[in-house]
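Chemist: Sharing a structure below in structure tokens format, with a few things to ask.
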Amino acid sequence: MNNFDLSVLSFLSRFAHRSFTFDQTVVVLSNANLLKGGVIVGMIWWIWFDRVDVQRKREALLAALMACVPALIIAKILTKVTFRTRPLNESRLLSVLRYGIDNANWQQLSSFPSDHAVLFFAMATGIFFASRRAGWFALFYASVFICLPRMYLGEHYPTDVLAGAAIGMLPVWLGNLPRIRKPLTGWALRWMNSNPSQFYCFAFIVTYQVAELFDPALSILKFIVSRRIG
């Protein structure tokens with residue numbers, strides 16, 4: 001436990017367990033993928049079909065989608081090799097549980113880093129490279145409406161979020177360097193031009209997975225791995 005995490009979470013705890021409606025609203029905001037990934041993916045498609053500077057914007061968005069995959073893999077590896085107790089299960093915090101939260105469900109889950117921060121700050125950074133105005137809003141939305149509720153509910157420490165944001169943003173920044181972005185995304189744009197119906201079918205599935213935090217794909221993968229082990 002560090003002073004930064006302790007001070008931020010102590011401040012947020014002042015508002016906890018005072019209003020059932022407020023706590024439940026934060027729970028819904030934290031759990032509803034439509035209000036998390038749905039908003040970010042909606043912005044991606046909005047910018048994709050913008051008619052101004054189309055090529056550059058599409059390259060930036062594609063680079064972000066590709067870069068978020070290794071970022072999430074790095075986050076998953078860190079989750080496995082390091083274990084950090086969730087704030088709502090940390091006795092030294094003396095946390096006041098929010099209405100509608102059961103800390104027993106989080107006991108076996110490591111909090112470091114925040115995969116929400118990894119994914120949505122990665123996508124927000126891609127949006128930023130495509131459109132500065134939309135990017136600032138996406139970064140604000142990811143901070144306040146996606147990550148802050150998870151800190152308030154005791155699911156993550158602030159440093160979990162900061163680390164996740166860094167893990168997500170760095171590969172997207174690298175992927176958007178001009179010398180990397182064009183060769184990285186060129187094949188996808190050629191695919192779009194040669195077979196748009198096939199491309200957009202695949203793109204829909206990918207962005208749907210982003211909106212759902214890749215949970216459907218991970219559930220299928222876990223099932224396949226468990227069957228092979230069994």
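The rows are residues; the columns are (1) of a type in the set (Lys, Arg); (2) more than 19 Å from His116 (Cα to Cα).
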| position | (1), (2) |
| --- | --- |
| Phe20 | no, yes |
| Asp23 | no, yes |
| Val26 | no, no |
| Asn33 | no, no |
| Lys36 | yes, no |
| Ile40 | no, no |
| Met43 | no, no |
| Trp46 | no, yes |
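Chemist: Additional query: Taking Thr185 as the residue in question, decide whether it is touching a residue at least 60 places away in the same chain (Cβ under 8 Å), touching a Lys or Arg at 6+ places or on another chain (Cβ under 8 Å) and closer than 23 Å to Gln55 by Cα.
Modeler: yes
Chemist: For the condition over 12 Å from the mean Cα position of the chain (by Cα), modelled with pLDDT under 95 and among the charged types (D, E, K, R), what is the one hit in Asp115, Asp102?
Modeler: Just one listed residue meets the conditions, Asp102.
Chemist: Among Val144, Val210, Val225, which is surrounded by 13 or more Cβ atoms within 10 Å (Cβ to Cβ) and hydrophobic (A, V, I, L, M, F, W, C)?
Modeler: Criteria check complete, one pass: Val210.
Chemist: What are the residue pairs meeting all of these: first residue in the range 28-43, first residue closer than 20 Å to Ser131 by Cβ and at pLDDT 90 or above, second residue outside any helix (DSSP H, G or I) and of a type in the set (S, T, N, Q), Cβ atoms under 9 Å, and 6 or more apart or on different chains?
Modeler: Pairs that qualify, where the first residue is closer than 20 Å to Ser131 by Cβ and at pLDDT 90 or above and the partner is outside any helix (DSSP H, G or I) and of a type in the set (S, T, N, Q), are Met43/Ser131.
Chemist: A further question follows. Suppose the filter is surrounded by 13 or more Cβ atoms within 10 Å (Cβ to Cβ), assigned to a helix (DSSP H, G or I), more than 15 Å from the chain's Cα centre (by Cα) and not hydroxyl-bearing (Ser, Thr, Tyr); does Met123 pass it?
Modeler: Answer is no for this residue.
Chemist: Would you call Val28 surrounded by fewer than 20 Cβ atoms within 10 Å (Cβ to Cβ) and either assigned to a helix (DSSP H, G or I) or touching a Pro at 6+ places or on another chain (Cβ under 6 Å) (or both)? Quick ask: steps written out before the conclusion?
Modeler: Details: surrounded by fewer than 20 Cβ atoms within 10 Å (Cβ to Cβ): yes; either assigned to a helix (DSSP H, G or I) or touching a Pro at 6+ places or on another chain (Cβ under 6 Å) (or both): yes.
Answer is yes for this residue.
Chemist: Going through the range 17-31 one residue at a time, which ones are over 24 Å from the mean Cα position of the chain (by Cα) and either farther than 29 Å from Asp215 by Cα or among the polar types (S, T, N, Q) (or both)?
Modeler: Matches in the range 17-31: His17, Arg18, Ser19, Thr21.
Chemist: Scan the range 1-18 for residues that are among the polar types (S, T, N, Q) and touching a residue at least 24 places away in the same chain (Cβ under 8 Å) and jot them down.
Modeler: Just the residues of the range 1-18 that are among the polar types (S, T, N, Q), to begin with: 2-3, 7, 10, 13.
The answer is Asn2, Ser10, Ser13.
Chemist: On to the next question. Please give the number of the condition Val52 fails out of (1) farther than 25 Å from Tyr200 by Cβ; (2) without any contact (Cβ under 8 Å) to a residue 24 or more places away in the chain; (3) not basic (Lys, Arg).
Modeler: Condition not satisfied by Val52: (1).
Chemist: When you scan the range 42-53, how many residues do you find that are surrounded by fewer than 14 Cβ atoms within 10 Å (Cβ to Cβ) and assigned to a helix (DSSP H, G or I)?
Modeler: Within the range 42-53, residues that are surrounded by fewer than 14 Cβ atoms within 10 Å (Cβ to Cβ) and assigned to a helix (DSSP H, G or I) number 3.
Chemist: Checking Ala67 against (1) surrounded by 14 or more Cβ atoms within 10 Å (Cβ to Cβ); (2) modelled with pLDDT of 80 or more; (3) over 21 Å from Phe214 (Cβ atoms), which test does it fail?
Modeler: All conditions pass for Ala67, except number (3).
To keep it simple, each residue is scored yes or no on (1) of a type outside the set (Ser, Thr, Tyr); (2) more than 23 Å from Val27 (Cβ to Cβ); (3) crowded, with 19+ Cβ neighbours inside 10 Å; (4) out of contact with any Gly (no Cβ under 6 Å at 6 or more places or on another chain).
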site	(1), (2), (3), (4)
Glu155	yes, no, yes, yes
Ala165	yes, no, yes, yes
Arg179	yes, yes, no, yes
Leu218	yes, no, no, yes
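Chemist: Show me the helices (runs of 4 or more DSSP H) entirely contained within the range 139-230 in which 1 or more residues are within 21 Å of Ser111 (Cα to Cα), within 16 Å of the chain's Cα centre (by Cα) and at pLDDT below 95.
Modeler: Here the list reads 148-152, 158-175, 196-211, 215-229.
The values are calculated or read from the model by the stated rules, or taken from the named source; none is laboratory data. Because the structure is a prediction, the values reported are computed rather than measured. When we count neighbours, we look across all protein chains shown, and the Cβ atoms used for this are built from the backbone with ideal geometry, even at glycine.
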